1. When you go through L197, L239 one by one, which is the residue that is at pLDDT 95 or above and of a type in the set (A, V, I, L, M)?
2. Name the residues in segment 75-102 that are modelled with pLDDT under 90 and either more than 21 Å from K55 (Cβ to Cβ) or in a helix (DSSP H, G or I) (or both), would you?
3. Within segment 103-122, how many residues turn out to be touching a residue at least 60 places away in the same chain (Cβ under 8 Å) and either assigned to a loop (DSSP other than H, G, I, E, B) or more than 17 Å from the chain's Cα centre (by Cα) (or both)?
4. Let me confirm something: among A191, A182, which residue is surrounded by 14 or more Cβ atoms within 10 Å (Cβ to Cβ), at pLDDT 85 or above and touching an Asp or Glu at 6+ places or on another chain (Cβ under 9 Å)?
5. Looking only at segment 8-25, decide whether some residue is surrounded by 15 or more Cβ atoms within 10 Å (Cβ to Cβ), farther than 24 Å from L105 by Cα and either touching a residue at least 40 places away in the same chain (Cβ under 8 Å) or of a type in the set (F, W, Y) (or both).
6. Return the residues of segment 11-47 that are part of a loop (DSSP other than H, G, I, E, B) and among the hydrophobic types (A, V, I, L, M, F, W, C); say none if nothing qualifies.
Amino acid sequence: MDITATDFEHEVIDGSRNQLVLVDFWAPWCGPCRALTPLLEKLAAEYAGRVKLVKINSDENQEISTAFGIRSIPNVIAFRDGKAVSQFLGALPEGQVRSFIDKLLPPPQLAAAKLAIDESRLDEAERLLGEIQPDMDWDAQVETLRQALAFARAGGGSEKDLAAKVAANPADLDSRLTLAGALAARRDYRAALEQLLEIIRRDRNWKDGEARKQMLAIFNLADDPELTAEYRKKLSAALY
């Protein structure tokens, strides 16, 4: 995909929140670029949805090239979670390019565990998450999936009974927390966030800030920028 400054934000920054994005800075006159680009296209196809490749003509997009310090081409920059995380220069051989990509992709157990949670194979999801070695690049995602697993396990409770307990005693924070988990388990994230927010309003430090931790986990799970922005503001107001 050839892009320009107009679609850089959407295709690269936003796109990298869902998959690894490789940005290939090139130019028609560049011989090494003509060797590297087909290799990148081949590898992106092999990784089947885990990697997206976009191309930027550096001559025609000087503003972007300057912003990322492009002084020689080909220059490939990898984006993940909305920011540049690594890069390489020159037409590297296939093995080195493949190694570059592999180091930036999450362990396969992450995607498998997410699918297992979605399909209610909860013991399998727990096993898969347990196989992932600690790594600062993926620890936050692992923790988010562990919270999703906890929500899924909480989903077996009776929402009606929990809601009745909370209505009868609004200060019953344990029941309110369990209700939030049950709501999150069926992906009613707005309702779950409301329950967690109410806990924080009543006692911001309750159980070492457990309600806040669960709100942050839902922000990652929901994949809804508008909902997240709305409740981040509400959370900030409740805390400060």
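The values are calculated or read from the model by the stated rules, or taken from the named source; none is laboratory data. Values in this document were obtained by computation on a predicted structure and should not be read as measured data. With ideal geometry, Cβ positions are generated from the backbone for all residues, glycine too; neighbour counts draw on all protein chains shown.
1. One residue alone meets the criteria, L197.
2. Result: D81, single match.
3. Count: 1.
4. Only one candidate passes the filter, namely A182.
5. No, because not a single residue in segment 8-25 is surrounded by 15 or more Cβ atoms within 10 Å (Cβ to Cβ), farther than 24 Å from L105 by Cα and either touching a residue at least 40 places away in the same chain (Cβ under 8 Å) or of a type in the set (F, W, Y) (or both).
6. Taking segment 11-47 first, the residues part of a loop (DSSP other than H, G, I, E, B) are 18-19, 27-30, 47.
Once the filter is applied, which keeps residues that are part of a loop (DSSP other than H, G, I, E, B) and among the hydrophobic types (A, V, I, L, M, F, W, C), segment 11-47 yields A27, W29, C30.
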